[in-house]
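Down below is the structure, laid out as structure tokens.
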Amino acid sequence: MLSELSAYVSDPAPGHGALLPARSWLHSDAAALSLNGPWRFRLSPTASVAADFVADDFSDDGWGTLAVPAHWVLEGDGAYGRPIYTNIQYPFPIDPPHVPDENPTGDYRRRFDLPEGWSGAERIVLRFDGVESLFTVWVNGVEAGGASGSRLAHEFDVTDAVRPGDNVVAVRVHQWSAASYVEDQDQWWLPGIFRDVTLLARPAGGIEDVWLRTGYTAGQGRIDPEVTADASAFPVTLRIPELGVEQVWATAAEVVPLEVAGVEPWSAEEPRLYEATVSSAAESIALRVGFRTVEIRGDQFLVNGRRVVFHGVNRHEAHPERGRVFDERHAREDLARMKRFNVNAIRTSHYPPHPRLLDLADELGFWVVLECDLETHGFDKVGWVGNPSDDPAWRPAYLDRIQRTVERDKNHPSVVIWSLGNEAGTGSNLAAMSAWVHARDAERPVHYEGDHTGEYTDVYSLMYPTVPEAERVCTDDASSTLLDCTPAQSARQRGKPFLLCEYAHAMGNGPGAFDQYEALVHEYPRLHGGFVWEWRDHGLLATASDGTPYYAYGGDFGEVVHDGNFVMDGMLLSDDVPTPSLHEFKAVVQPLRFAFDGEKAAITNLRHSADTSDLRFLWRVEHDGVSVDSGELDVPVVAAGESGRVTLPRVAVSPDAETWLTIDAVLATDTTWAAEGHVVATAQYDHSVRRPVPRARPRADWRPGDGTLTLGIADFAGGSLTRLAGRAVTGPRLELFRAPTDNDESPGDRLEGSDDSVAGVSSADLWRRDGLDRLTSRRVTVEHATDALRTVDKVSAADSALSVTVETIWSVEGDELELRVEIEPSSGWRTVWPRIGVHFGLPDGTAPVDGAEWFGLGPFESYPDSLHAARTGLFAAPVGELSVDYARPQETGHRSQLRHLTLTSGADRVVRITALPDTQGRRPGFTLSRHTPQQIAEARHPFELPDSTTSHLIIDAAQHGLGSRACGPDVWPEFALRPEARTLRLRITGGPTTT
Ligand code: GAL
């Protein structure tokens, strides 16, 4: 028994029994019965428990109830085990194809009544759209078969097993099986029947499968049909009423290509679909046809003859409460959100999504790279020894997986590339998959990133290259070879279209440098863009011991091995909140480019094929962020790839405020993904007159003092600020630390172009080594002058001889207080610094400082290598909205290029701070937070942050960039902050005035 069982769970065979060949997932009018809903359920710790439950008369009275579809580990409050998160690691011993005896096994049972009238069906088919990872199914005690391939559809012929009236279906699901070795994607391990279960009545004379391949050239559509049906199904009729198509095929031999005139093409921008039916006397299939031609010409990937640029995201199926269970409303909203953020492409990392997702992609308009359910990354650890990708025993499973992938989704116009899988090394089984796809679908190219040398794939793909690495692929420099390639292989790869299947790792606060990759896309036609890793965090909603809800990541469920918060690397937080990176992405990839030139602007349409007739161009003029004029620009329709010149409105330039012209390109009408007025692209044009920076009054009468005095609205004791505008204040204190971002914490070694990092050691470790998080200070001098105070502090950390000298000069100028801080590092600092700033503590007192109004970059946070989404304007936000709730607390909230800032307390203005530029014209940024960087750095989850009684204002002369080092390149040198002398000059006036 035991050996039989272990032979079963460790068998690489993809399926057995009455498992039917793969076919399209079709919308048919043939009868169907959903078996979703409550099933009886029992979980056993091993696979060896007797399969007695399949019998018709078995009593499942003692069992629990589990919903189908669901993952059992997410149901029952932990009664059915817990989720496990790993990236590359296998959560079981690497002993292929075996899995441990500790193999959670879920037994499912339910009864159903065979609908009356189904007795006339020719066949009854039981379809499972997704079961993780290996399952066997019985109907009325008769074994129908079994299968693996968690994110693939499986159909069983159960005609002989069903009976009129009452039936019982039993399913046994093993969490671990041989298939687990080829499903090692970076995600939660979530067993169970997690997609729909449906019973289908297949009519005699029905249509088994249909494929309407399409093509498009200059107004002319082409349909190359394939109908799989018995001879008895004919005649079969194709109807596309909108195009006047009614094509009757009397026999299978007559099913030949047809030309259709007057057709509008399908594209991700204009997803034109035509309703079609393919019908026999017994069954009618509804399809939506999109006409488009996919081709590779040289190193160009074209749809309808035009080069495609992917502004894409990697999309996992992830829902904070349901895991990979598909929630159509949630998915549709997610896709609409992608459209609103200028995402035009999806890579279905790393498996086929729920089939309905592709219907939504066709309809909303996305270029889709559809990926097969395959990854064996854990073999990397053992030098790829035993990797199934090159083991003949696994060939049937590999072929089965790609066949199920392609067959299920072949009708979708949105699918433009097939991907064999992800991170499965390389080997003959992958080559065999590719050959199968080429034979089956001659049009759509095959992608697989792991085919570094280009032996069997049609496009060249890299993940996380540095900008110079990516650029090397785009240029034909024969002297530089590509990853793992000989010169000849490099030349072969350079002859293909190039894309980045993953880039810009969006973990935590980051990434930086979207703009640098985007610049390459415009410079080099060979580069077709890429797919950000990744669309959303995979946090699972959990509750802390004190009842606070939070989004759990690896380790939060007591896993034996796990990969922590590496699963929180999306541009969207788990609760659907867009992070600043998503705004940055939107701004960088916006489909219009504006070039201002005096009274004119050139507007370039960067789209694939859509013109600008769907847009209106609204303008406004602001003086220090206050709108003084606005209107609509008359912009001629600009065709894709073209530029149009427009005359700009006359701008009233203010002599004593900054004058900015802002143009928003907005949707002229409602779409399915956004309302009229939604901003698609924005540009700003600075019309400000140059104004002199007020000089500080030189003071010569410095004399030693005790530092206890009042200067205007500021009180000092011992040289330190104690009260400002009638409120208790501490500071200014030098702050060089930021709560490390996930990129700061990564010891990753992708250093090219970034000589500031140390291989194998994270920036955060270097900062902690140098004591940036625990600086102490010694006051060297305190001096007074008329209406002025000067202190000099030496700031350094325990057991370090490195130091920073901080000179602080307070003075009163008219009714304004001026603070000048000179920050000067000693020699010998060798690492980059996270920030150069000064910290003020603002204890709550009777009314806390709880908000900010500012003129500068906003409303989003911004960092030196992520500045495109933030625009110059006047903004206001409560303190809670100035930070992003990253799943693991970290640096957040920096607003760059500050001009002035007003701290508010309820409706009161507490102080107004004007930031003067330094001699190089650089302006500081600020953060206002309820926690210090040190407190934030301590917390693993937001709920671990201590209760706060103080607001913390940090004015930064400079901040370090963000980079992508959690998985990819470190901060680009230009945006890396090296220790250096900096000056801060702030002018401060007091309140309270009411806002
Ligand atoms: C890639 C992998 C993704 C994900 C990413 C890092 O190597 O393909 O699945 O793990 O790294 O988040």
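The values are calculated or read from the model by the stated rules, or taken from the named source; none is laboratory data. Predicted model only: the values in this text are computed from it and were never measured. Backbone-built Cβ (ideal geometry, glycine too); neighbour counts: all protein chains shown. Only protein heavy atoms, including side chains, enter the accessible area calculation; ligands, DNA and RNA are left aside. Shrake-Rupley method; radii C 1.70, N 1.55, O 1.52, S 1.80 Å.
Atom-type composition of the exposed protein surface of segment 885-995 places 48 percent of the accessible area on carbon and sulfur (1.4 angstrom probe). In the context of the full set of protein chains, segment 339-444 has a per residue accessible area of 23 Å² (1.4 Å probe). Count Lys and Arg as plus one, Asp and Glu as minus one, and take only other residues whose Cβ is under 13 Å from that of TYR456; the net charge is then -3. Peptides 801-810, 853-862, ordered by how many other C-beta atoms sit within 10 Å of their residues on average, highest first, read 853-862, 801-810. For segment 937-995, GluC sites (Glu not before Pro) meeting the loop criterion (DSSP other than H, G, I, E, B) and having at most 13 other Cβ atoms within 10 Å: GLU980. In the complete set of protein chains, residue-level accessible area for MET463 is approximately 30 Å², probe 1.4 angstrom. With K and R counted +1 and D and E -1, the other residues having a Cβ less than 12 Å from that of ASP634 yield a net charge of +1.
Placing +1 on the Cβ of each Lys and Arg and -1 on the Cβ of each Asp and Glu in the chain, which of PRO878, GLY625, PHE860 has its Cα farthest towards the positive end of the resulting dipole? The Cα lying farthest towards the positive end belongs to GLY625. LYS339: which lysines have alpha carbons under 24 Å from its alpha carbon, excluding same-chain residues fewer than 8 sequence positions away? Candidates past the 8-residue exclusion: LYS410, LYS586. Once the other residues with Cβ under 15 Å from the Cβ of PHE557 are scored (Lys, Arg +1; Asp, Glu -1), what is the net sum? Every neighbour counted, the sum reads -4.
When the chymotrypsin sites (Phe, Trp or Tyr not before Pro) in segment 27-63 are filtered for DSSP coil states and for at most 10 other beta-carbon atoms within 10 Å of their beta-carbon, no site remains. Relative to the longest principal axis of the Cα atoms of the chain, the long axis of helix 328-340 makes an angle of roughly 50 degrees. The residue list SER389, SER232, VAL653 was ranked by how far each Cα lies along the charge dipole of the chain toward its positive end, using unit charges on Cβ atoms, and VAL653 comes out on top. Remark: the ASP815-LEU945 segment gains 42.9 nm on full extension, using 0.36 nm per residue and subtracting the alpha carbon distance. Placing unit charges on the Cβ atoms only, positive for Lys and Arg and negative for Asp and Glu, gives segment 2-202 a dipole magnitude near 340 debye about its Cα centre.
Every helix of 4 or more DSSP H residues in the chain counts as -39500 (n - 2.57), and over all residues that averages to -3000 deg cm²/dmol at 222 nm. Measuring nothing but protein heavy atoms, the accessible surface of segment 209-282 at 1.4 Å probe radius is 52 percent carbon and sulfur. A 1.4 Å probe run over the protein chains yields, for segment 209-282, 46 Å² of accessible area per residue, whole-number rounding.
Ordered by 1.4 Å accessible area with all protein chains kept, SER419, SER800 run largest first as SER800, SER419. For segment 703-994, the solvent-accessible area works out to 37 Å² per residue, with a probe of 1.4 Å and every protein chain left in place. Among the trypsin sites (Lys or Arg not before Pro) within segment 852-938, those in coil by DSSP and having at most 14 neighbouring Cβ atoms inside 10 Å are ARG922. Per atom type, segment 56-166 shows carbon and sulfur on 46% of its accessible surface, probed at 1.4 Å.
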